[in-house]
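Working notes, structure below.
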Amino acid sequence: MRQSKLFTKTRREAPADEVSKNAELLIRGGFIHKEMAGVYSYLPLGFRVLQKIENIIREEMNKVGGQEVLLSSFQPKENWEKTGRWDSMDDLYKVSDASGREVALGPTHEEIIVPILKNYISSYKDFLLDSLDSPLAIYQIQNKFRMELRAKSGMLRGREFMMKDMYSFHTSEEDFEKFYDKMKNVYKTIFARVGIGHLTYLTFASGGTFSKYSHEFQTLSGTGEDTIYVDEASSVAVNKEVFNDAVLKSLELEKEKLVERKSIEVGNIFDLKTKYSKPFDLSFTDEKEQKHNVLMGCYGIGLGRLLGTVVEVLSDDKGIIWPESVAPFSVHLLALGEDETVKAEAEKIYARLQKNNIEVLFDDRLGMSAGEKFADADLLGMPYRVVVSERSIKEGGVEIKKRNEKKGKILSLEELLNLLKS
C-alpha cells in the first residue's frame with residue numbers, strides 16, 4: 001500500500017481526553033478513531049491488525065473442532081428472564097422499540113446458543129462426533145455491548161467490543177475436564193502467536209457461584225487494572241480476589257515465592273456446569289434412557305482488548321512495536337529525498353516486495369523530511385524499516401532496521417528479499 005493513498009494521517013499530539021497509552025498511540029497512528037468513551041472505529045491499519053488477530057484465533061479454534069457461527073445481537077427478553085440475568089446483570093443494555101417491546105443488546109450469548117441447541121440435542125448420540133477428542137464446541141467472533149461506566153482504559157475497557165466466545169457441551173465431567181485442559185494450552189498458543197506469551201500467565205480466579213475456580217489469562221503490565229501473585233517457576237498466578245492460604249495450599253503454591261504484579265486480563269475460561277442448560281432444559285438421554293442436563297464450558301477472548309494489550313506492553317517512547325504475526329505490514333519502505341534516482345529505486349523495490357508477497361507500506365509521500373518519515377515509521381511500528389536514500393544507493397543497496405533495533409545495515413535487494421522471506 002502507498003502511504004500517499006492512505007486517507008488517515010499521523011498525529012503529533014496525543015488526544016487530550018485519552019489517558020491510556022494504547023489508545024493514545026493507536027489514535028496518533030491513525031489505527032482507530034474514538035467515537036465516544038469506550039467506543040472506537042477501526043481504520044485501515046487498525047483493521048488489518050484486528051483481522052490478523054481474528055485469523056489466529058479462528059485457526060486455533062478450528063484446530064480443536066470448533067464450529068463457527070454468527071449469532072444475533074438482539075436477544076429476547078424472555079431468555080434473559082429465564083436465566084435470571086435480565087434484572088441481575090448491571091451492565092446489560094436494554095433496548096425498547098416504539099411498541100414497548102424490550103430486547104437485550106448482547107453482552108454474551110449463553111441465552112442464545114443454549115435455546116438453539118435444544119433443536120438439535122436430545123440423546124447422547126448427538127454428542128458422538130467424528131473424534132472423541134473434539135466435543136461439540138461452537139464459537140463466534142462478534143461485537144458485544146456492555147454498559148461500562150468506567151471506560152477510561154482505551155481498548156482495554158469498552159462499551160462496544162469484538163469478542164470470540166466459544167461454548168462447549170458435554171455429557172460427562174470427564175469429557176468436559178479433558179477439553180477444558182486442552183483449551184488452557186490453546187489459549188497459551190494464541191497469546192504466544194500474537195507476541196505476548198512470555199508476559200502472560202494462567203491465573204486462578206474466583207469461579208463465582210458455580211465453580212471453585214475460573215481461569216484468567218493475565219498479561220503483566222504496570223498499567224493493568226488487576227493485581228496477581230505470580231509463581232515465576234511454574235508460570236502460574238493467583239488473582240488477588242482469591243489470594244488466601246487455603247487457595248495457595250490447594251494449588252500447592254508457596255506464598256514466599258510469589259511476586260505481586262499488575263496485569264491486564266486478556267482471556268478467560270469458565271466451567272459453567274448446568275447454569276445455563278438447566279433453565280432451558282437443554283438435556284440428553286443416556287444409554288439407559290436416563291435424562292441429564294448438558295454440562296457446559298465457555299471460553300472468551302476480547303479481540304480489541306488483546307490488540308490494546310499488545311500496544312500497551314510492546315511499545316516505547318517513540319511508538320508501537322508490532323510483532324510480525326499481527327503487524328499491519330511486515331515492511332515500512334521509506335523513500336528519502338526528491339532525487340529521481342531514489343524514487344526510481346524505491347519504486348523498483350516496492351514492486352519486487354509485492355511480487356514476493358511481502359506486505360509493505362510504501363512511504364512515497366513528497367514534501368516530507370527524513371526526520372518526519374522516521375518519526376512516523378517509529379510511531380506506526382512495522383517490524384522492519386527499509387530505507388532507500390542517496391547514501392544507501394551509493395553503498396549498493398538499502399538500509400534495513402528492525403523496529404526494536406538501534407542501528408540498521410545495508411543489504412542488496414536480493415539479500416533483503418531472502419531475509420524477509422525467511
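Bear in mind these aren't lab numbers, they're just calculated from the coordinates by the rules spelled out. The model shown is predicted, which means the values in this text are computed figures rather than measured ones. Please note: Cβ atoms are built from the backbone with ideal geometry, for glycine as well, and neighbour counts cover all protein chains shown.
List of remarks:
- Number of Lys pairs (Cα under 24 Å; 8 or more positions apart or on different chains) in segment 349-422: 20
- The distance between label points at Y124 and K5 comes to 6.0 nm (points 7 Å beyond Cα on the Cα→Cβ vector).
- With θ taken as phi - 60° and the Karplus curve 6.51 cos²θ - 1.76 cosθ + 1.60 applied, the whole-hertz 3J(HN,Hα) list for segment 321-332 is 10, 6, x, 4, 5, 10, 4, x, 9, 6, 10, 10 Hz, x standing for glycine and proline.
- Projecting the Cα atoms of S263, L413, I27 onto the charge dipole of the chain, computed from C-beta unit charges around the Cα centre, puts L413 farthest toward the positive end.
- Candidates L70, A151, Q51 compared by Cα position along the dipole of segment 1-152: farthest toward the positive end lies Q51, with charges placed on Cβ.
- Cα→Cβ-extended label distance, 7 Å offset, between E35 and S235, nm: 3.8 nm
- Cβ-derived FRET efficiency at R0 35 Å, N404 paired with S250, nearest 0.05: 0.30
- Cα-based reach from K118 at 17 Å (exclusive), listing aspartates and glutamates while leaving out same-chain residues under 8 positions away: E78, E110, D126, D281, D286
- Taking a ≥ b ≥ c as the square roots of the eigenvalues of the alpha-carbon gyration tensor, segment 1-107 is classed oblate because a/c is 1.5 or more while a/b is no larger than b/c.
- Straight-line reach from K255: taking Cα to Cα under 22 Å and skipping same-chain neighbours fewer than 8 places apart, the lysines in range are K212, K240.
- Evaluating 6.51 cos²θ - 1.76 cosθ + 1.60 at θ = phi - 60° for every residue in segment 256-271, the Karplus couplings come out as 5, 9, 8, 10, 7, 9, 8, 7, 10, 6, 10, x, 8, 9, 9, 8 Hz, glycine and proline recorded as x.
- Value of [θ]222 nm, deg cm²/dmol, for the chain, DSSP H segments ≥ 4, -39500 (n - 2.57) each, nearest 500: -9000 deg cm²/dmol
- Restricting attention to segment 1-66, lysine pairs at least eight places apart or on different chains and with alpha-carbon atoms under 19 angstrom apart total 4.
- The longest part of the chain holding none of the exposed loop trypsin sites (Lys or Arg not before Pro), meaning those outside H, G, I, E and B in DSSP with at most 11 other Cβ atoms within 10 Å, is 151-287.
- Each DSSP beta bridge with both residues in segment 331-421 is either parallel or antiparallel, and the antiparallel ones are about 45%.
- Between A370, Q3, L303, the Cα set farthest toward the positive side of the dipole of the chain (charges on each charged residue's Cβ, about the Cα centre) is that of A370.
- Dipole check for the chain: with +1 at the C-beta of Lys and Arg, -1 at the C-beta of Asp and Glu, and the Cα centre as origin, the magnitude is about 860 Debye.
- Given +1 at the Cβ of Lys and Arg, -1 at the Cβ of Asp and Glu and no other charges, the dipole of segment 331-421 around its Cα centre is 400 debye to the nearest 20.
- M1, M36 arranged by Cβ crowding within 10 Å, fewest neighbours leading: M36, M1
- Tail fraction, Cα-Cα pairs, the chain, threshold 39 Å, whole percent: 30 percent
- Proximal aspartates and glutamates to K343, defined as alpha-carbon separation beneath 13 angstrom and excluding residues fewer than eight positions away on the same chain: D363, D364, E390
- Ordering V326, V342 by the number of other Cβ atoms within 10 Å of each residue's own Cβ, fewest first, gives V342, V326.
- Cβ-derived FRET efficiency at R0 25 Å, T285 paired with S134, nearest 0.05: 0.70
- Taking every alpha-carbon pair under 8 Å whose residues sit at least 6 apart, segment 285-422 reaches a relative contact order of 24 percent.
- Residues of segment 233-249 falling in the label zone of A192, defined by backbone nitrogen less than 19 Å from a point 7 Å along Cα to beta-carbon, are 233-237.
- Relative contact order, whole percent, for the chain stands at 16, derived from Cα pairs under 8 Å and 6 or more residues apart.
- A Förster distance of 22 Å, applied to the separation of the beta-carbon atoms of E390 and L419, puts the FRET efficiency at 0.45.
- Taking the fewest neighbouring Cβ atoms within 10 Å as the starting point, the ordered list for T171, T10, T219 is T10, T171, T219.
- Extending 7 Å from Cα along the Cβ direction at V69 and again at D339 yields two label points whose distance is 6.2 nm.
- Here the 3J(HN,Hα) profile of segment 170-177, calculated from phi with Karplus coefficients 6.51, -1.76 and 1.60 at θ = phi - 60°, is 9, 9, 8, 4, 4, 5, 4, 4 Hz, Gly and Pro shown as x.
- Summary of the geometry: segment 218-258 and segment 278-331, compared by the centres of their Cα atoms, lie 21 Å apart.
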